[in-house]
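Visitor: Supplied in structure tokens, the structure appears directly below.
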Amino acid sequence: MSSSQPRKKNAAVDLLAGGTAGLFEALCCHPLDTIKVRMQLYRRTTGVGSKPPGFIATGSSIIQKESFLALYKGLGAVVIGIVPKMAIRFSSYEFYKASLTDKETGKISTGNTFIAGVGAGITEAVLVVNPMEVVKIRLQAQHHSMSDPLDVPKYRNAPHAALLIVREEGFKVLYRGVALTAARQASNQGVNFTVYSKLKERLQEYHHQEVLPSWETSLIGLFSGALGPLSNAPLDTIKTRMQRETAKTNETSIARFSRITGKLIQEEGMRALYKGITPRIMRVAPGQAVTFTIYELMRDALDKIPGLGTQAAVFDE
């Protein structure tokens, strides 16, 4: 390989940088995800004309009735899965990207960048995201006060919830809604990586340097992260309803999807498909800003560590 070509990276760099980025994202943005889930699970009880609470009212209600810490329900499930999730996301994206890059020019088209992002989204959804979200949503859906020691919830924490779900409902329940999760992650990461990488390329050309200022990385991460939720909000709402259900049924995934979608639209209208869109954008957009910024900073730092980062002597011939 010539020295003019990009050097291969150590997969451990993507693992450590991605895991750290994901942890920071979870700590910063998880409360908004809890509010989003509660909004998506809300059902009208006073007639079709009643207006569901907004994200501020929902968040305030959670804090008043269940304490501030309730906003972090399900965080354990996210943290446990965040390292493999981010490792799989970035490493699989790099793998698909390398496979789709023109071998002669060393460049990748916008369409192939999108395909690489879609592949990364599907891969992470199947291997990590769906089981993690089933556990997270069950924890977030519990209405109990975390400030009252006598108010004991059914699911105490992420490992307990996972064990109880598998014991009572079977291992397959952890993959309930996996097709919707895969579709959501595919569209998210397809748009996310495409917009981010292309904006990054333009800014690198403008600055005539490879490393961008952190504020610019955050800005393009924020913009790219906001576009995904707008394209797949209905899928996310239906997926949340499917994963919240605890009853055992013999329904096929398609039948369950049709039943939940039909009931949701019939009882609450088409607008219900976009429940939680505001906190979701507020969570995903800054989440991607944090993720890409921390990832780029960590990757740059780790890449300079001897024995861990890119080694020219090993890959250059």
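Visitor: Please enumerate the residues belonging to region 189-222 that are free of Cβ contacts under 8 Å to residues at least 60 places away in the same chain and part of a helix (DSSP H, G or I).
Guide: 195, 199, 200, 201, 202, 203, 204, 205, 206, 207, 215, 216
Visitor: From 96, 42, 72, grab the single residue that is open to solvent by 10 Å² or more (accessible area, probe 1.4 Å) and closer than 18 Å to residue 224 by Cβ. First the steps, then the outcome.
Guide: Working: 42 fails: closer than 18 Å to residue 224 by Cβ; 72 fails: closer than 18 Å to residue 224 by Cβ.
The unique qualifying residue is 96.
Visitor: Just give me the residues in region 149-202 being surrounded by fewer than 16 Cβ atoms within 10 Å (Cβ to Cβ) and over 25 Å from residue 138 (Cα atoms), in sequence order.
Guide: 198, 201, 202
Visitor: Which condition does residue 246 not pass, out of (1) part of a helix (DSSP H, G or I); (2) open to solvent by 20 Å² or more (accessible area, probe 1.4 Å); (3) within 24 Å of residue 139 (Cβ to Cβ), if it passes all the others?
Guide: So the condition that residue 246 fails would be (1).
Visitor: On to the next question. With 4, 67 as the choices, which residue is modelled with pLDDT of 80 or more and of a type in the set (Gly, Ala, Ser)?
Guide: Exactly one residue qualifies, and that residue is 67.
Visitor: Output the number of the condition that residue 222 fails; it satisfies all remaining conditions of (1) under 15 Å from the mean Cα position of the chain (by Cα); (2) more than 21 Å from residue 113 (Cβ to Cβ); (3) of a type outside the set (Asp, Glu).
Guide: Among (1) under 15 Å from the mean Cα position of the chain (by Cα); (2) more than 21 Å from residue 113 (Cβ to Cβ); (3) of a type outside the set (Asp, Glu), the lone unmet condition for residue 222 is (2).
Visitor: Might you let me know whether region 282-293 holds any residue that is at pLDDT below 85, open to solvent by less than 50 Å² (accessible area, probe 1.4 Å), in contact with a Lys or Arg (Cβ under 6 Å, 6 or more places away or on another chain) and not hydroxyl-bearing (Ser, Thr, Tyr)?
Guide: Within region 282-293, the subset at pLDDT below 85 is 282-284.
Now drop any that are not open to solvent by less than 50 Å² (accessible area, probe 1.4 Å), which leaves 283-284.
When the remaining residues are screened for being in contact with a Lys or Arg (Cβ under 6 Å, 6 or more places away or on another chain), the result is none.
Checked region 282-293: no residue is at pLDDT below 85, open to solvent by less than 50 Å² (accessible area, probe 1.4 Å), in contact with a Lys or Arg (Cβ under 6 Å, 6 or more places away or on another chain) and not hydroxyl-bearing (Ser, Thr, Tyr).
Visitor: Looking for whichever is at pLDDT 85 or above, more than 19 Å from residue 156 (Cβ to Cβ), surrounded by fewer than 16 Cβ atoms within 10 Å (Cβ to Cβ) and touching a Lys or Arg at 6+ places or on another chain (Cβ under 7 Å) here; the options are 110, 58. Which one fits?
Guide: Working: 58 fails: surrounded by fewer than 16 Cβ atoms within 10 Å (Cβ to Cβ).
After ruling out the rest, the residue left standing is 110.
Visitor: Out of the residues in region 260-276 that are part of a helix (DSSP H, G or I) and open to solvent by less than 40 Å² (accessible area, probe 1.4 Å), state the one that is farthest from residue 39 (Cα to Cα). Let's see the steps before the verdict.
Guide: Residues of region 260-276 that are part of a helix (DSSP H, G or I), as a first pass: 260-268, 270-274.
Checking which are open to solvent by less than 40 Å² (accessible area, probe 1.4 Å) leaves us with 260-262, 264, 268, 272-273.
Working: 260: 16, 261: 16, 262: 18, 264: 13, 268: 13, 272: 10, 273: 11 Å.
By that ranking, first place goes to 262.
Visitor: Considering (1) crowded, with 20+ Cβ neighbours inside 10 Å; (2) touching a Leu at 6+ places or on another chain (Cβ under 8 Å), say which one residue 257 fails and leave the rest.
Guide: With respect to (1) crowded, with 20+ Cβ neighbours inside 10 Å; (2) touching a Leu at 6+ places or on another chain (Cβ under 8 Å), residue 257 is out only on (1).
Visitor: Ok, one more. Yes or no: region 154-170 includes at least one residue that is small (Gly, Ala, Ser) and within 18 Å of the chain's Cα centre (by Cα).
Guide: Scanning region 154-170, I find at least one residue that is small (Gly, Ala, Ser) and within 18 Å of the chain's Cα centre (by Cα), so the answer is yes.
The values are calculated or read from the model by the stated rules, or taken from the named source; none is laboratory data. Because the structure is predicted, anything quoted here is derived from the model rather than measured. Counting neighbours? That spans all protein chains shown, and the Cβs are built from the backbone with ideal geometry, glycine included. Keep in mind that these areas ignore ligands, DNA and RNA; they rest on the heavy atoms of the full protein, side chains included. Shrake-Rupley method; radii C 1.70, N 1.55, O 1.52, S 1.80 Å.
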